[in-house]
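One structure is given below, encoded as structure tokens.
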Amino acid sequence: MADPIRKKPYLQVVREGNPGHRPIEQGLKLPPAELEEPDWLETFPASRDKELAAANRRAREVASREWRRVVPVLRHTAGLAAVDAAALHDYCVCVARIDQCERELSRNGLLMQGERGWQKNGATTIVSQYRAQYKIYLREFGLSPSARVGIKPPEGDDGGDDPFD
């Protein structure tokens with residue numbers, strides 16, 4: 001008799017649970033897709049303001065360079081699907097914004113003179129938030145060494161091979 005859990009689609013098992021803890025076929029298979037690079041001009045539009053125009057031009061270049069760097073890698077390692085386009089777009093925007101914030105910090109410093117004296121440059125908070133999101137994207141796309149190692153067993157569970165546990 002076939003195992004009834006194995007016949008259930010993975011998402012159904014996630015929704016309904018797996019009380020017998022039987023092995024299930026994991027993962028949702030999506031057809032591979034050839035992703036087109038976004039039009040970065042929509043995300044980082046041209047502007048009449050020279051400073052903003054220059055910042056957005058550089059952001060377009062950084063985002064485009066990152067897209068061209070990671071998409072071939074992910075196509076080979078992860079098998080990209082059409083649904084990945086939005087997350088990849090956001091990842092590239094995140095990289096461009098980190099670059100933008102770091103340039104701001106290099107130009108104006110970590111501290112700025114404000115109404116009440118010296119205060120931290122607002123870009124420090126913004127770049128911190130983008131870096132936190134960046135780490136999530138790295139993990140999700142398997143772009144960091146630790147993400148490529150794979151899932152580690154929960155703490156305290158090394159597979160039960162140790163007779164002294």
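The values are calculated or read from the model by the stated rules, or taken from the named source; none is laboratory data. Predicted, not measured: the structure shown is a model, and the values here were computed from it. With ideal geometry, Cβ positions are generated from the backbone for all residues, glycine too; neighbour counts draw on all protein chains shown.
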The stretch 102-127, residues that are in contact with a Gly (Cβ under 9 Å, 6 or more places away or on another chain) and of a type in the set (A, V, I, L, M, F, W, C): 112
Has the stretch 2-23 got at least one residue that is modelled with pLDDT of 95 or more, of a type outside the set (Asp, Glu), in a loop (DSSP other than H, G, I, E, B) and out of contact with any Ser or Thr (no Cβ under 6 Å at 6 or more places or on another chain)? no
Being at pLDDT 90 or above, under 23 Å from residue 58 (Cβ atoms) and under 15 Å from the mean Cα position of the chain (by Cα) is true for just one of 92, 101. Which residue is that? 92
Lone qualifier among 69, 60, 48 - being in contact with a helix residue (DSSP H, G or I) (Cβ under 6 Å, 6 or more places away or on another chain) and basic (Lys, Arg): 60
Looking at the stretch 60-87 only, could you name the residues that are closer than 17 Å to residue 130 by Cα and either polar (S, T, N, Q) or at pLDDT below 95 (or both)? 86, 87
Conditions: (1) modelled with pLDDT under 95; (2) hydrophobic (A, V, I, L, M, F, W, C); (3) farther than 21 Å from residue 44 by Cα; (4) within 16 Å of the chain's Cα centre (by Cα). Residue 132 meets all but one. Number of the miss? (1)
Residues that are touching a residue at least 24 places away in the same chain (Cβ under 8 Å) and under 24 Å from residue 148 (Cα atoms), at least 3 per element: which helices (runs of 4 or more DSSP H) completely within the stretch 25-134 meet that? 50-77, 84-108
